[in-house]
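These notes concern the structure reproduced below.
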Amino acid sequence: MSDAPAIVLDRVTKHYGSGPGAVAAVVDVNLQVPSGEFVSVIGPSGSGKSTLLNLIAGLDTPTSGRVIVAGHDLAGLSQDERSDLRLQSIGIIFQGYNLFPEFTVEENVTCPLEFLGVRWREARRRAGEALQRVGIPGAAWNRTPLELSGGEQQRIAIARALATRPKLLLADEPTGNLDSHNGKVVLDLLRHLNVAEELTVVLVTHSAFAASYGPRTIELGDGRVVRDVRAPREPSSRVVPLRS
């Protein structure tokens with residue numbers, strides 16, 4: 001794990017609206033996430049979890065404070081530059097998968113690579129590599145997402161996030177639409193990517209079970225950090241192997 005932080009939040013506050021009716025979604029948050037760390041952000045609905053993730057992803061901007069990701073102060077970047085940073089350095093996984101239903105599995109994973117200017121043959125190779133990493137068999141690559149289970153669709157979404165070879169993986173309630181078995185498969189995969197490949201992972205969840213997969217848990221309440229706890233990191237030999 002590198003000593004250089006992957007994420008720095010310096011007194012970050014986010015208000016929605018203005019005047020007396022303004023809603024404080026995130027309040028005076030200070031946070032550092034070292035490269036290679038797995039951080040779970042937990043809290044009830046309305047605690048500011050998703051807002052915090054959107055600020056880190058550069059999908060939203062703070063009312064005050066600084067957000068620094070991969071050494072870039074997001075306030076100093078244009079909207080296009082933030083988009084480029086997401087494309088090149090940040091993988092994002094959503095609860096709702098966000099796959100294109102009319103595209104094949106392979107086409108869904110190659111999409112971000114086309115935006116990066118990767119040639120089609122190389123994009124297909126990298127997409128196949130990512131799909132293999134998440135345990136999606138080749139027989140499924142030419143099928144559409146709706147022909148597959150929810151657990152498989154979420155793993156495809158993870159493969160799409162990995163295909164660009166990001167330094168940081170942001171997961172917003174990635175098990176929220178899954179049953180307990182498929183949820184565990186996805187969590188095992190995130191844990192494997194973090195420990196075996198030292199990928200920085202920030203997992204937003206309302207589930208204490210999901211949060212337990214990370215050695216560090218940050219609890220939010222009313223937009224503030226109310227608890228920041230680190231547990232000993234398990235050795236990579238104890239990481240659950242990937243399953244298809």
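Could you give me the residue pairs with C-beta distances under 8 Å whose first residue belongs to the stretch 125-142 and is within 15 Å of ALA196 (Cβ to Cβ) and in contact (Cβ under 8 Å) with a residue 60 or more places away in the chain, whose second residue is part of a loop (DSSP other than H, G, I, E, B) and among the charged types (D, E, K, R) wherever it lies, and which are 6+ apart or on separate chains?
GLY135/ARG243
Report, ordered by the first and then the second residue, all pairs with beta carbons closer than 6 Å, sequence separation of six or more or different chains, a first member in the stretch 29-44 that is of a type in the set (A, V, I, L, M), and a second member that is crowded, with 23+ Cβ neighbours inside 10 Å and outside any strand (DSSP E or B).
So the pair list comes out as VAL39/GLY214; VAL41/LYS49.
Any idea which residue in the stretch 60-73 is surrounded by the fewest Cβ atoms within 10 Å (Cβ to Cβ), counting only those that are at pLDDT 95 or above and among the hydrophobic types (A, V, I, L, M, F, W, C)?
So, considering only residues that are at pLDDT 95 or above and among the hydrophobic types (A, V, I, L, M, F, W, C), the one surrounded by the fewest Cβ atoms within 10 Å (Cβ to Cβ) is ILE68.
Within the group ALA171, ALA208, which residue is of a type in the set (Gly, Ala, Ser) and within 27 Å of LEU113 (Cα to Cα)?
Only one candidate qualifies: ALA171.
Going through LEU203, LEU189 one at a time, which residue ends up being within 27 Å of ARG124 (Cα to Cα) and either surrounded by 20 or more Cβ atoms within 10 Å (Cβ to Cβ) or touching a strand residue (DSSP E or B) at 6+ places or on another chain (Cβ under 9 Å) (or both)?
Result of the check over LEU203, LEU189: LEU189.
How many residues are under 10 Å from VAL202 (Cα atoms) and under 12 Å from the mean Cα position of the chain (by Cα) when one looks only at the stretch 32-64?
Number of matching residues: 6.
Filter the stretch 17-57 down to residues that are of a type in the set (Gly, Ala, Ser) and part of a helix (DSSP H, G or I) and give me whichever is farthest from GLY176 (Cα to Cα).
Here the answer is GLY19.
Among residues belonging to the stretch 37-48 that are modelled with pLDDT of 95 or more and of a type outside the set (A, V, I, L, M), point out the one that is farthest from ALA211 (Cα to Cα).
Step by step, filter the stretch 37-48, then rank; the result is GLU37.
Only one residue in ALA70, ALA75, ALA25 is in contact (Cβ under 8 Å) with a residue 60 or more places away in the chain, over 25 Å from PHE209 (Cα atoms) and touching a Ser or Thr at 6+ places or on another chain (Cβ under 8 Å). Which one?
Of the residues listed, the single one that is in contact (Cβ under 8 Å) with a residue 60 or more places away in the chain, over 25 Å from PHE209 (Cα atoms) and touching a Ser or Thr at 6+ places or on another chain (Cβ under 8 Å) is ALA70.
Looking at the stretch 87-106, which of its residues are in contact with a Gly (Cβ under 9 Å, 6 or more places away or on another chain) and either assigned to a loop (DSSP other than H, G, I, E, B) or closer than 19 Å to LEU190 by Cα (or both)?
Within the stretch 87-106, ILE90, GLN95, GLY96, TYR97 meet the criteria.
Just to be sure, is VAL23 surrounded by 13 or more Cβ atoms within 10 Å (Cβ to Cβ) and of a type in the set (A, V, I, L, M, F, W, C)?
no
Against the conditions (1) among the hydroxyl-bearing types (Ser, Thr, Tyr); (2) in contact with a Pro (Cβ under 8 Å, 6 or more places away or on another chain); (3) under 20 Å from THR205 (Cα atoms), where does THR13 fall short? Just the number, please.
(3)
Consider the stretch 176-196. How many of its residues are in contact (Cβ under 8 Å) with a residue 40 or more places away in the chain and not in a helix (DSSP H, G or I)?
2
If I filter the stretch 227-237 for residues that are under 24 Å from LEU85 (Cα atoms), at pLDDT below 90 and assigned to a helix (DSSP H, G or I), do I get at least one hit?
No, that holds for no residue.
Of all residues in the stretch 130-160, how many are in a helix (DSSP H, G or I) and surrounded by 14 or more Cβ atoms within 10 Å (Cβ to Cβ)?
Count: 17.
The values are calculated or read from the model by the stated rules, or taken from the named source; none is laboratory data. Since the model is a prediction, treat every value here as computed from it, not as a measurement. Glycine also receives a Cβ, built like all others from the backbone with ideal geometry; neighbour counts cover every protein chain displayed.
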